[in-house]
Amino acid sequence: MYAQMIKTAGTGVKSREEMTEQERAFQDKIDADIKIEPKDWMPDDYRATLIRQIGQHAHSEIVGQLPEGNWITRAPTLERKAILLAKVQDEAGHGLYLYCAAETLGVSRDELTEMLLDGRMKYSSIFNYPTLNWADIGAVGWLVDGAAIMNQVPLQRTSYGPYSRAMIRICKEESFHQRQGYDAIRKMAEGTPEQRKMAQDALNRFWYPALMMFGPSDKDSVHSAQSMAWKIKINTNDELRQKFVDQTVPQAEYLGLTIPDPDLKWNEERGHYDFTQPDWSEFFDVIKGNGPCNTDRLAARNKAWDDGRWVRDGLLEHARKKRARKVAAE
Amino acid sequence: MTRDEAFLQFLLRMGDNTLILGHRVSEWCGHAPVLEEDIALANTALDLIGQTQMWLGLAGEVQGEGKSADDLAFLRDAWDFRNVLLVEVPNGDFGRTLMRQFLFDAWHSIMLGRLMKSSDDRVAAIAEKASKEVAYHLERSSDTVVGLGDGTEESHRRMQEALDYLWPYVGEMFASDEVDAEMAAAGIAPDPASLREEYDALVQRVLTEATLTIPDSRFAHKGGRDGRMHTEHLGHLLTQMQWLQRAYPGATW
């Protein structure tokens, strides 16, 4: 889940009586699973919320290149290096689709980028954690992409057409990412004692941050209720987190790795695992900018943007000259 | 030098060029000036690493000591690397990275074109596959060199500086020695010197369009493709690239 803590614009779900005629027609389309397209009328709050959500998701894809890029130059085999390069390339591509989807709502990619760089917009908390050993690359694919898929699969049915279509493309690639991550960590778990130690260390550090990706409980949130009524949020955070835990525990068992939660156990009655909530005060610290890597991540993105200005300016100027020459020749 | 010894050296030269350049390009991941460039750089690096797997895979086969492409990539020391110096110099700014890419791509595309007619079917097959990828690399690096050379004053200045810095590394790609003589005699690979005319014409055309001036010197740094004297940079690159394999010998990943 690459969009978390998205503040839904507006004051909550309106009753049909409170809605204007336009709003009622809009809600009827959503209820009938008819996609909203860029030229269709939409409430300002729907538009604003979607820009925040899609923008944050796009930023997450971009910043998410950094923790994985951290290991590309140290990948242990040519094949692992190629797989990781392909994955990071996909992520940049996902960023591109999502920025394009956001642009259909009337905000430019440059505007969104500026908001990321000066801290007005966020990216997923998970990318503020460091990748410290090679098994972390496996853990990122297995747990982080695994958690992202939980959210993104239902979002393929989201009400906004361009977002839904971006999600359909993204989900195809994400499931490959998750499989390669699981395969990479499986190799480690089945490997030498040092490799097993790396795999366990990665799981220890990424487990709770992965659970945090779904965001704090929002079952009583009026904002979430509005986003759900608009079908830009499909499940509650707790539902997705539970689904993720239920899926991941048997996978960890298969690997012979221990999830760092002594209270984790199967609850026969509920048909789900009971588990310990992450430390939400840590989560809010990370969101506020105090995660282990916030400063470095944002500095890296700002440096790339600032160092690249002459390149963007140069290419734009060249395009302008070419147009001018073409006009002069005509 | 036997034919197989020469063949091995030739394959290491091809594979080490793509390995080291692929590594350098991959260092950009997440730091490019614009998202499309991040994607394109990762894509280029990915192609080069894929080509490395093929060249070094064949090198291991020809060597006949049971070594895999990974063994050759991760367990040789700097003096055994056979890449040209051009590909190991640090990335510098984006302009230098793309100028280096262009200067290499131009050579690479001509070389692969000749290798598609190699008397060795395996070499011809690798060249055939790689040449499709490299045609795209060359198109993209040419366009970028032209765009930035003929862009703003600053971008022009930076591209000229990149060209001035890199030009002394170009000549090594066309140096010939006994390995090349053996390969040419066997019809496996062309004499590198025979590529120069076509290269100069291509590079001149693109750089003229980019409003850049080729330095008036044919001086060439050498020592990479025969392993006699690499730059200081290669050791650092290998330290990073080979670290896991060296720190945990015998592990499978």
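The values are calculated or read from the model by the stated rules, or taken from the named source; none is laboratory data. Note that the coordinates shown come from a computational prediction; the quantities given were computed from them, not determined experimentally. Backbone-built Cβ (ideal geometry, glycine too); neighbour counts: all protein chains shown. These accessible areas exclude ligands, DNA and RNA; they are computed on the full protein's heavy atoms, side chains included. Shrake-Rupley method; radii C 1.70, N 1.55, O 1.52, S 1.80 Å.
So if I check each of B:213, B:208, B:239, which one is away from chain A (no Cβ under 14 Å), outside any loop (DSSP other than H, G, I, E, B) and either without any contact (Cβ under 8 Å) to a residue 60 or more places away in the chain or farther than 30 Å from residue B:180 by Cα (or both)?
Answer to the selection: B:208.
Could you tell me which of the residues B:114, B:96, B:100, B:13 is touching a Lys or Arg at 6+ places or on another chain (Cβ under 7 Å), closer than 19 Å to residue B:170 by Cβ and touching a residue at least 40 places away in the same chain (Cβ under 8 Å)?
Just one listed residue meets the conditions, B:13.
Inspect segment B:41-58 for any residue being surrounded by fewer than 22 Cβ atoms within 10 Å (Cβ to Cβ), in a loop (DSSP other than H, G, I, E, B) and touching a residue at least 12 places away in the same chain (Cβ under 8 Å) and give the result as yes or no.
No: zero hits.
Going by the structure shown, is residue B:145 within 14 Å of chain A (Cβ to nearest Cβ), over 22 Å from residue B:60 (Cβ atoms) and of a type in the set (A, V, I, L, M, F, W, C)?
Yes: the conditions hold for residue B:145.
Quick check on segment A:81-94: of everything there that is surrounded by fewer than 24 Cβ atoms within 10 Å (Cβ to Cβ) and within 8 Å of another protein chain (Cβ to nearest Cβ), which residue is farthest from the chain's Cα centre (by Cα)?
The qualifying residue farthest from the chain's Cα centre (by Cα) is A:82.
Among the residues of segment B:62-86, write down those that are open to solvent by 30 Å² or more (accessible area, probe 1.4 Å) and either part of a loop (DSSP other than H, G, I, E, B) or touching a residue at least 40 places away in the same chain (Cβ under 8 Å) (or both).
Correct list: B:63, B:64, B:65, B:66, B:67, B:68, B:70, B:75, B:77, B:79, B:80, B:82.
So which residues in segment A:179-202 are more than 12 Å from every other protein chain (Cβ to nearest Cβ) and polar (S, T, N, Q)?
Result: A:180, A:200.
Could you check residue A:306 against (1) surrounded by 12 or more Cβ atoms within 10 Å (Cβ to Cβ); (2) within 14 Å of another protein chain (Cβ to nearest Cβ) and say which number it fails?
Only one criterion in (1) surrounded by 12 or more Cβ atoms within 10 Å (Cβ to Cβ); (2) within 14 Å of another protein chain (Cβ to nearest Cβ) is unmet by residue A:306, namely (1).
Report yes if some residue within segment B:29-42 is over 30 Å from residue A:111 (Cα atoms) and within 12 Å of chain A (Cβ to nearest Cβ); otherwise report no.
Of segment B:29-42, the ones over 30 Å from residue A:111 (Cα atoms) are none.
No, that holds for no residue.
Pull out all pairs, ordered by first then second residue, where Cβ-Cβ is under 7 Å, the residues are six or more apart or on different chains, the first lies in segment A:83-111 and is part of a helix (DSSP H, G or I), and the second is open to solvent by 10 Å² or more (accessible area, probe 1.4 Å) and basic (Lys, Arg).
Cβ pairs passing all conditions: A:97/A:169; A:99/A:109; A:103/A:109.
Working only within segment A:192-217, note down all residues that are surrounded by 20 or more Cβ atoms within 10 Å (Cβ to Cβ) and outside any helix (DSSP H, G or I).
A:213, A:214, A:215
Do the conditions hold for residue A:260, that is, is it touching a helix residue (DSSP H, G or I) at 6+ places or on another chain (Cβ under 9 Å), modelled with pLDDT under 95 and not in a helix (DSSP H, G or I)?
When the stated conditions are applied, residue A:260 does not pass them.
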